[in-house]
Amino acid sequence: MLGTGTSQGVPVIGCTCEVCRSVDYRDKRLRVSVHLQVGEKSIVIDSGPDFRQQVLRERIKTLDALVFTHEHKDHTAGLDDIRAYNFSQHKDMPVYGEERVLEQLKREYSYIFADYKYPGIPRVELYPITVEPFEVEGVPFIPIRVMHYKLPVLGFRIGDFTYITDANYISEEEKEKIRGSKVIVLNALRHEHHISHFSLKEAVAVLEDLQPEQAYLTHISHLMGLHREVELQLPDFIRLGYDGLQIEV
């Protein structure tokens, strides 16, 4: 897990709450992202503003592809930093996302897609995806359609691992795609209800329905509380994710 924090990260700029002042490393949360190592293939889901810091921390020397869940800035703001992989791997970076997401990237990173390309800019190869299964460098992905308030977002199932962030609704039909996953990562923002994210109670209810062997929560805000205290409130098969956590499936 490269990052497990919400859009502002934890600590929040200017905040002096006990979570933001915590010295527990698990309470330090960069913007949400996950790195998948499937055999020899290295894939990242979402490159937020902390992408460079995250891949340096985890010593991710190669990257075969980048997959986006949706277009919000806390999930896309690190795209420029794939340049280092362009230079070291001598190839364009495959980037996967829904058409709407790729169009947003073209607007926000217009210099990447300009007719005249300035030397040294990121080099990408765009691959539109839908809700139909697809492959990333030979690795099968099953998209899971979830809703982030009124915004359609994609989660992904890769083998026995399902990753869902930025959601507050999953239909019964989409849940059937998730069932049987050994490990599920699901977003849980805080204790109180939120307009576009699952609360802790809501996320736990979804996971108790899906019954994976193990589940981890992500996209966590400082309003959730101290890591060590929240963990005591969770069912045995559910844990809070934290930056740097490695999960083997």
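The values are calculated or read from the model by the stated rules, or taken from the named source; none is laboratory data. Remember, it's a predicted structure, so these values are computed and weren't measured experimentally. Every residue, glycine as well, gets a Cβ built from its backbone with ideal geometry; the counts of neighbours run over all protein chains shown. Surface accessibility is based on the protein's heavy atoms, side chains included, excluding ligands, DNA and RNA. Shrake-Rupley method; radii C 1.70, N 1.55, O 1.52, S 1.80 Å.
Can you tell me which residue among His191, His197 is assigned to a loop (DSSP other than H, G, I, E, B) and over 24 Å from Val67 (Cα atoms)?
Of the residues listed, the single one that is assigned to a loop (DSSP other than H, G, I, E, B) and over 24 Å from Val67 (Cα atoms) is His191.
Within the stretch 12-37, how many residues are of a type outside the set (D, E, K, R), surrounded by fewer than 19 Cβ atoms within 10 Å (Cβ to Cβ) and assigned to a loop (DSSP other than H, G, I, E, B)?
Residues in the stretch 12-37 being of a type outside the set (D, E, K, R), surrounded by fewer than 19 Cβ atoms within 10 Å (Cβ to Cβ) and assigned to a loop (DSSP other than H, G, I, E, B): 9 in total.
Which of (1) within 16 Å of the chain's Cα centre (by Cα); (2) surrounded by 21 or more Cβ atoms within 10 Å (Cβ to Cβ) is the odd one out, the single condition Ile82 does not satisfy?
(1)
Would you check which residues across the stretch 95-109 are charged (D, E, K, R) and either crowded, with 16+ Cβ neighbours inside 10 Å or under 16 Å from Pro122 (Cα atoms) (or both) and list them?
Answer for the stretch 95-109, where residues must be charged (D, E, K, R) and either crowded, with 16+ Cβ neighbours inside 10 Å or under 16 Å from Pro122 (Cα atoms) (or both): Glu98, Lys106, Arg107, Glu108.
Consider the stretch 152-180. How many of its residues are surrounded by 22 or more Cβ atoms within 10 Å (Cβ to Cβ) and touching a residue at least 60 places away in the same chain (Cβ under 8 Å)?
7
Residues that are aliphatic (A, V, I, L, M), at least 3 per element: which helices (runs of 4 or more DSSP H) completely within the stretch 65-129 meet that?
Answer list for the stretch 65-129: 99-108.
Which of the residues spanning the stretch 112-129 are surrounded by fewer than 12 Cβ atoms within 10 Å (Cβ to Cβ) and on the phi < 0 side of the Ramachandran plot?
Once the filter is applied, which keeps residues that are surrounded by fewer than 12 Cβ atoms within 10 Å (Cβ to Cβ) and on the phi < 0 side of the Ramachandran plot, the stretch 112-129 yields Ala114, Asp115, Tyr116, Tyr118, Pro119, Glu125.
State the number of residues belonging to the stretch 208-238 that are more than 26 Å from Asp50 (Cβ to Cβ) and either open to solvent by less than 60 Å² (accessible area, probe 1.4 Å) or in a helix (DSSP H, G or I) (or both).
Total satisfying the criteria: 6.
With crowded, with 16+ Cβ neighbours inside 10 Å and in contact (Cβ under 8 Å) with a residue 40 or more places away in the chain as the only criterion, which of Val183, Val249 stands out?
Val183
Report the residue count in the stretch 139-170 for those that are among the hydrophobic types (A, V, I, L, M, F, W, C), under 14 Å from the mean Cα position of the chain (by Cα) and not in a strand (DSSP E or B).
1
Are there any pairs with C-beta distances below 6 angstrom linking a residue in the stretch 216-243 that is of a type in the set (Lys, Arg) to a residue that is surrounded by 15 or more Cβ atoms within 10 Å (Cβ to Cβ) and at pLDDT 95 or above, with the two at least 6 apart or on different chains, and if so which?
Sorted first by the residue in the stretch 216-243, then by its partner, the pairs are Arg239/Tyr216.
With respect to the numbered conditions (1) farther than 21 Å from Leu186 by Cα; (2) open to solvent by less than 70 Å² (accessible area, probe 1.4 Å); (3) in a loop (DSSP other than H, G, I, E, B), which one is the sole condition not fulfilled by Val55?
Condition not satisfied by Val55: (3).
Could you check, for the stretch 38-49, whether at least one of its residues is among the aliphatic types (A, V, I, L, M), open to solvent by 10 Å² or more (accessible area, probe 1.4 Å) and part of a loop (DSSP other than H, G, I, E, B)?
Within the stretch 38-49, none of the residues are among the aliphatic types (A, V, I, L, M), open to solvent by 10 Å² or more (accessible area, probe 1.4 Å) and part of a loop (DSSP other than H, G, I, E, B).
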